[in-house]
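Input: a single structure, listed below in structure tokens.
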Amino acid sequence: MDSPPPLSAIKDAKVLMVGAGGIGCELLKTLALSGFPDIHIIDMDTIEVSNLNRQFLFRQKHVGQSKAKVAREAVLRFRPNISITPYHANVKDPDFNVDFFKQFSVVLNGLDNLDARRHVNRLCLAADVPLVESGTTGFLGQVTVHLKGKTECYECQPKPAPKSYPVCTITSTPSKFVHCIVWAKDLLFAKLFGDKAQDNDLNVRSGNASTSDHTEDVFERRKDEDIEEYGRRIYDHVFGYNIEVALANEETWKNRSKPRPIYSKDVLPERLIKQNGNMDSASATDNPSSVSAMASLGMKNPQEIWSLMENSKIFLEALKLFFGKRKKEVGNLSFDKDDQLAVEFVTSAANIRASSFGIPLHSLFESKGIAGNIVHAVATTNAIIAGLIVIEAIKVLQKDARSYRMTYCLEHPSKKMLLMPVEPYEPNKSCYVCSETPLSLEINTHRSTLREFVDKIVKAKLGMNLPLIMHGSALLYEVGDDLEEDMVTNYAANLEKVLSELPSPVTSGTLLTVEDLQQELTCNISIKHREEFDEEKEPDGMVLSGWTPAPAVEKKDENHVDNGVGTSKNITNAEQVETNEDLEIVPADIEIPAEKKRKLSEISNNDGLGTSRVAAKTNNHSKVQDLDDDDDVVFISGGDSDPSKKRKLH
């Protein structure tokens, strides 16, 4: 297959691709056919059967193999003279540091989660390497360009808070299946297979303190206890005893349907006898994530809705396999949508709870969608977005700043437009990542520990992996492999102390410096003491702020004409589309002011949008979604586009 000679800007380019999934396969193919000579790919995932319908570089025989490596082999078959270097690894690994990123001409993202996106954004800023971001979900897609000091970075606009539910709804009065999924994933799975020391509302105590069964930690496996006995004891506690405790509060059920306690003896025979399967078949591969309770029990159809008995069998079998085949991981696990056994356990637990509360049951396929934030990808959208990524990458290599575009792919045409190009904005001066603006944290310094600050703010909110925390010249916390033993001990002790009792006390007015040496990111956080927080609205018990969201764009006069965009029906919350993870599918509603838009007829062929040059006019405001991409997972996030706060690049 011959191709025209590459542009001079492409000849010497060295490109880093992050992600080799839905967008990644299309992108690698397009880069190769466009003449890019030196391409590096990072992807930690292995190929699954569910990938094969759209990730066209992979075949059935490749299931279980590295995406990055197989993608390389596939492309080299039709472009043998280019260099492709694959890395079957996590982009957050220490090897991929700032020096590693500095060797590339441009970085192209095809990631599926917010945390990794933020990490790559920060490394690109530190290395001063241009980043082209992308994302798809269904028929919607987007491509954005980020250059240090010239355009907004990926984090210049605040991402909306994840959709959440009151704890009491999840633990006591679920009314939707998504509530049961959250309970099974974030409470039960975490309690059984994560850190058992964490507090949550599952370990309900009996009102009678002398009742030995419920004064002990029921989640602690007793000495010499048979695994099935342990599983049944957990089953009876969370689906039976806890429900009975909840029923004792009659006030709760005055206007609600009462749940029914479910005990294992009422659903299952005394000892389970496996049929049409065996435990060996549950782990036919060496990959722990491939261990399957379904395979062990001879169940094959993920789209079938299991009965209460089948869910109960899967529940006990999955628990047995975790403690039998994956015992070393127990205590350190967190839910992963690509972990088959974890999805089976969460599905069965959610269904048993749903059965107790009279909520319709769901199949494994449906449950995985809800638990894993899955919005199924469309191959055509991935191909369009991959093409747009390469177009923007070429502009970046040619240093053609005036032609850079953020381009949104729409599901439904508005005045014959399916692609909406928007000029990039200048950096947000209030961005704590690229402008180093101080942040503010309201927190109860007498009750909150350093560990809570690290977990809820430094890691969860700021996305730092290897944080270092300083108060003036005093080092309060640090992580790293080269620390001396006494330092590790001191920092571990600090984690358990409340902020006001640290060696260098943190009180109202304190300015903390938080660094991530891997990301080469530093930010300052001003501490403000606050006594009380609203448990429903502020469940973390602390509030981080660094900028004030700009006011919404005022509605224009009906006669005003602009290049508005009509998108597909927006996902407004996790309940409407039960295909979400952590209830983190949230609305975007990014307003593009009319003065920031350009008609397609005004865009030269060099913009490469591949559409007819039609002037599109409508009196509707546009709403575009900031899509997270690709491999089925999407955080639909957004930002603010007040024209008074942003300026186009010229």
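The values are calculated or read from the model by the stated rules, or taken from the named source; none is laboratory data. Because the structure is a prediction, the values reported are computed rather than measured. When we count neighbours, we look across all protein chains shown, and the Cβ atoms used for this are built from the backbone with ideal geometry, even at glycine. Heads up: the accessible areas ignore ligands, DNA and RNA and are worked out on the full protein's heavy atoms, side chains in. Shrake-Rupley method; radii C 1.70, N 1.55, O 1.52, S 1.80 Å.
Can you name the residue in region 498-517 that is of a type outside the set (Asp, Glu) and open to solvent by less than 20 Å² (accessible area, probe 1.4 Å) and, of all such residues, is farthest from Glu478 (Cα to Cα)?
It comes out as Thr510.
Looking at region 359-389, which of the residues that are among the β-branched types (Val, Ile, Thr), touching a helix residue (DSSP H, G or I) at 6+ places or on another chain (Cβ under 7 Å) and not in a loop (DSSP other than H, G, I, E, B) is farthest from Thr407 (Cα to Cα)?
The extreme case among them is Ile370.
What are the residue pairs meeting all of these: first residue in region 73-84, first residue farther than 14 Å from Ser34 by Cβ and without any contact (Cβ under 8 Å) to a residue 24 or more places away in the chain, second residue surrounded by fewer than 14 Cβ atoms within 10 Å (Cβ to Cβ) and small (Gly, Ala, Ser), Cβ atoms under 8 Å, and 6 or more apart or on different chains?
Correct list of pairs: empty, since none qualify.
Quickly run through region 518-549 and pick out the residues that are closer than 19 Å to Asn465 by Cβ, open to solvent by less than 20 Å² (accessible area, probe 1.4 Å) and not in a loop (DSSP other than H, G, I, E, B).
Leu521, Cys523, Ile525 - these are the residues of region 518-549 that are closer than 19 Å to Asn465 by Cβ, open to solvent by less than 20 Å² (accessible area, probe 1.4 Å) and not in a loop (DSSP other than H, G, I, E, B).
Residues in region 104-111: is at least one open to solvent by 30 Å² or more (accessible area, probe 1.4 Å) and modelled with pLDDT of 90 or more? First the steps, then the outcome.
Of region 104-111, the ones open to solvent by 30 Å² or more (accessible area, probe 1.4 Å) are 105.
From what's left, modelled with pLDDT of 90 or more: 105.
Checked region 104-111: at least one residue is open to solvent by 30 Å² or more (accessible area, probe 1.4 Å) and modelled with pLDDT of 90 or more.
Out of region 444-484, which residues are under 26 Å from the mean Cα position of the chain (by Cα) and of a type in the set (A, V, I, L, M)?
Result: Leu450, Val454, Ile457, Val458, Ala460, Leu462, Met464, Leu466, Leu468, Ile469, Val479.
Return yes when Asn287 is modelled with pLDDT under 90 and closer than 22 Å to Leu364 by Cβ and no when it is not.
Yes; evaluated as a whole, the condition is true for this residue.
Just checking: which of the strands (runs of 3 or more DSSP E) contained wholly in region 392-497 hold 3 or more residues that are open to solvent by 60 Å² or more (accessible area, probe 1.4 Å)?
406-414
Out of (1) modelled with pLDDT of 95 or more; (2) open to solvent by 10 Å² or more (accessible area, probe 1.4 Å); (3) farther than 30 Å from Val15 by Cα; (4) of a type outside the set (Ser, Thr, Tyr), what's the single condition that is false for Asn351?
Of (1) modelled with pLDDT of 95 or more; (2) open to solvent by 10 Å² or more (accessible area, probe 1.4 Å); (3) farther than 30 Å from Val15 by Cα; (4) of a type outside the set (Ser, Thr, Tyr), only one is false for Asn351: (2).
Considering only region 21-60, state which residues are without any contact (Cβ under 8 Å) to a residue 24 or more places away in the chain, part of a loop (DSSP other than H, G, I, E, B), of a type in the set (A, V, I, L, M, F, W, C) and open to solvent by 20 Å² or more (accessible area, probe 1.4 Å).
Result: Leu52, single match.
Could you tell me whether Cys180 is of a type outside the set (D, E, K, R), modelled with pLDDT of 90 or more and either assigned to a helix (DSSP H, G or I) or over 29 Å from Leu31 (Cβ atoms) (or both)?
For Cys180, the condition - of a type outside the set (D, E, K, R), modelled with pLDDT of 90 or more and either assigned to a helix (DSSP H, G or I) or over 29 Å from Leu31 (Cβ atoms) (or both) - is met.
Can you name every residue in region 74-102 that is exposed (fewer than 14 other Cβ atoms within 10 Å of the Cβ) and touching a strand residue (DSSP E or B) at 6+ places or on another chain (Cβ under 9 Å)? Spell out the reasoning first.
Residues of region 74-102 that are exposed (fewer than 14 other Cβ atoms within 10 Å of the Cβ), as a first pass: 77-78, 80-81, 83, 85, 94-95, 99, 102.
Those that are exposed (fewer than 14 other Cβ atoms within 10 Å of the Cβ) and touching a strand residue (DSSP E or B) at 6+ places or on another chain (Cβ under 9 Å): Ser83, Thr85, Asp95.
Could you tell me which numbered condition Ser508 fails, if it satisfies all but one of (1) touching a Ser or Thr at 6+ places or on another chain (Cβ under 9 Å); (2) among the hydroxyl-bearing types (Ser, Thr, Tyr); (3) free of Cβ contacts under 8 Å to residues at least 60 places away in the same chain?
Just one mismatch for Ser508, condition (3).
Of all residues in region 360-391, which are buried (at least 19 other Cβ atoms within 10 Å of the Cβ) and in contact with a Pro (Cβ under 7 Å, 6 or more places away or on another chain)?
If the condition is that a residue be buried (at least 19 other Cβ atoms within 10 Å of the Cβ) and in contact with a Pro (Cβ under 7 Å, 6 or more places away or on another chain), then Leu364 is the only one that fits.
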